[in-house]
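Let me begin by presenting the structure, written as structure tokens, before commenting on it.
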Amino acid sequence: MTTCMATGGCTDENASNYDMTALTDDGSCVYLGCTDPLFLEYNPYALTNDGSCSVVVVLGCIYDSADNYDASANIDDNSCVFSGNSCPGDFTGDGFINVSDLGGFLGAFGTSCE
């Protein structure tokens with residue numbers, strides 16, 4: 001008489017130790033990635049750091065048309081300051097007329113920006 005035993009292992013295809021022969025998940029799945037939230041590569045699902053963290057998060061103003069533009073910033077922290085707005089349709093003050101300005105834009109449509 002032959003007995004068939006279920007093979008346990010990691011059954012999640014997204015895990016680094018996925019086992020295609022496993023029939024039941026035994027909780028052994030390992031998820032690699034950057035586990036440090038201070039880096040741009042941070043992966044909230046990673047449980048094991050794989051050394052992929054390389055670019056430190058720098059908060060600041062990322063709009064180059066702002067008075068306080070920070071060239072080293074890579075994440076906008078909503079601190080941008082725009083003085084002397086030469087674009088009257090830019091109701092949000094971000095230096096651009098876009099969908100965020102839609103309500104006010106309809107009233108300013110056709111205005112040229114200097």
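Taking the residues in region 85-114 that are modelled with pLDDT of 75 or more and part of a helix (DSSP H, G or I) as candidates, determine which candidate is farthest from Ile62 (Cα to Cα). Residue satisfying both the conditions and the ranking: Val99. For region 61-84, the set of residues classified as loosely packed, with under 13 Cβ neighbours inside 10 Å and outside any loop (DSSP other than H, G, I, E, B) consists of Ile75 only.
Here region 20-51 is the region considered, the condition is being among the β-branched types (Val, Ile, Thr) and part of a strand (DSSP E or B), and the residue that is farthest from Cys10 (Cα to Cα) is Thr48.
Among the criteria (1) touching an Asp or Glu at 6+ places or on another chain (Cβ under 8 Å); (2) at pLDDT 80 or above, the one Ser72 does not fulfil is (1).
The values are calculated or read from the model by the stated rules, or taken from the named source; none is laboratory data. Keep in mind that what you see is a predicted model, and the values were worked out from it rather than measured. Reconstructed Cβ throughout: ideal geometry from the backbone, glycine too, with neighbour counts over all protein chains shown.
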